[in-house]
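The values are calculated or read from the model by the stated rules, or taken from the named source; none is laboratory data. Bear in mind that the values here come from a model prediction, so they are computed numbers and not experimental data. Methodologically, a virtual Cβ is constructed for each residue, glycine included, from the backbone with ideal geometry; neighbour enumeration extends over all protein chains shown.
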């Protein structure tokens with residue numbers, strides 16, 4: 001399997017299961033980067049992913065000013081990392097993607113004993129602008 | 001700013017560390033770091049594989065603001081350190097040894113939690129040579145997963 005420049009293929013699916021936490025970086029209009037961990041980057045379709053918004057206050061503020069986000073996802077099988085450059089599309093608080101993400105997050109929270117902490121505020125949909133293999 | 005608590009936290013063996021930067025057009029970038037050294041006066045020196053650092057170095061040449069996020073993988077305690085870059089240079093052998101020890105400790109902690117192959121992870125994550133990114137911390141934010149997280153920490 002190969003990875004097209006801007007398309008998510010099956011090769012990346014293991015990295016999008018929420019096994020390895022991801023780190024996202026946004027940037028304010030003033031040029032100040034903000035980094036944060038996220039539980040899961042979720043596959044929507046070959047052009048889009050969803051980020052689980054649980055605690056992302058500053059990230060949401062930055063995205064309102066500047067829609068770009070950088071995220072690294074890691075494959076739990078071979079530890080290969082990929083860097084994705086994303087552009088914000090919309091926030092969803094209902095529907096298929098939100099429901100599936102909430103279910104998966106509930107499972108992750110249960111495994112980590114954090115059921116009272118992990119609350120999905122929204123499934124934030126991003127367009128994939130580029131994909132780069134890191135290591 | 002970097003009090004005893006944060007120095008201890010940043011020296012713990014199981015922390016995962018990442019750097020965030022942005023270029024002059026505010027396009028963000030993420031890289032995994034492979035170790036750090038604490039210096040006096042709130043200065044941290046962080047190490048990144050040269051293979052991963054080209055965009056980071058380009059961004060720093062355009063915008064000196066940087067963000068370090070450090071997360072303890074055993075309990076998810078997480079802090080973000082916002083800083084301004086002071087210097088970048090090719091890591092010396094002494095700094096490579098620091099990274100080898102840091103990543104060995106990290107991989108040991110990781111594989112004690114998850115049944116993963118330590119040597120494989122170590123070799124995938126630590127790829128020398130590296131660059132050293134030295135920066136002065138100006139603000140700290142708590143980012144541990146809990147309600148109302150994200151607030152600035154005042155030492």
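Consider residue B:67 carefully, then state whether it is in contact (Cβ under 8 Å) with a residue 12 or more places away in the chain, under 19 Å from residue B:106 (Cβ atoms) and either within 13 Å of chain A (Cβ to nearest Cβ) or buried (at least 19 other Cβ atoms within 10 Å of the Cβ) (or both). Don't jump to the end; show me each part of the working.
Working: in contact (Cβ under 8 Å) with a residue 12 or more places away in the chain: yes; under 19 Å from residue B:106 (Cβ atoms): no; either within 13 Å of chain A (Cβ to nearest Cβ) or buried (at least 19 other Cβ atoms within 10 Å of the Cβ) (or both): yes.
In short, no.
For region B:120-152, a tally of residues being part of a helix (DSSP H, G or I) and free of Cβ contacts under 8 Å to residues at least 12 places away in the same chain returns 3. Tell me, please, whether a residue that is over 19 Å from residue A:79 (Cβ atoms) and crowded, with 19+ Cβ neighbours inside 10 Å can be found in region B:107-119. No, there is no match, as no residue in region B:107-119 is over 19 Å from residue A:79 (Cβ atoms) and crowded, with 19+ Cβ neighbours inside 10 Å. Any residue at all in region B:66-80 that's part of a helix (DSSP H, G or I) and on the phi < 0 side of the Ramachandran plot? No: region B:66-80 contains no residue that is part of a helix (DSSP H, G or I) and on the phi < 0 side of the Ramachandran plot. The residues in region A:1-36 that are modelled with pLDDT under 90 and either buried (at least 22 other Cβ atoms within 10 Å of the Cβ) or in contact with a strand residue (DSSP E or B) (Cβ under 7 Å, 6 or more places away or on another chain) (or both) can be counted, and the count is 5. Considering region B:1-42, the qualifying strands (runs of 3 or more DSSP E), each wholly inside and each with 3 or more residues that are within 14 Å of chain A (Cβ to nearest Cβ), run over B:15-22, B:28-32.
Looking at region A:88-130, which of its residues are in a strand (DSSP E or B) and surrounded by 14 or more Cβ atoms within 10 Å (Cβ to Cβ)?
Within region A:88-130, A:88, A:89, A:91, A:92, A:122, A:123, A:124, A:125, A:126, A:127, A:128, A:129 meet the criteria.
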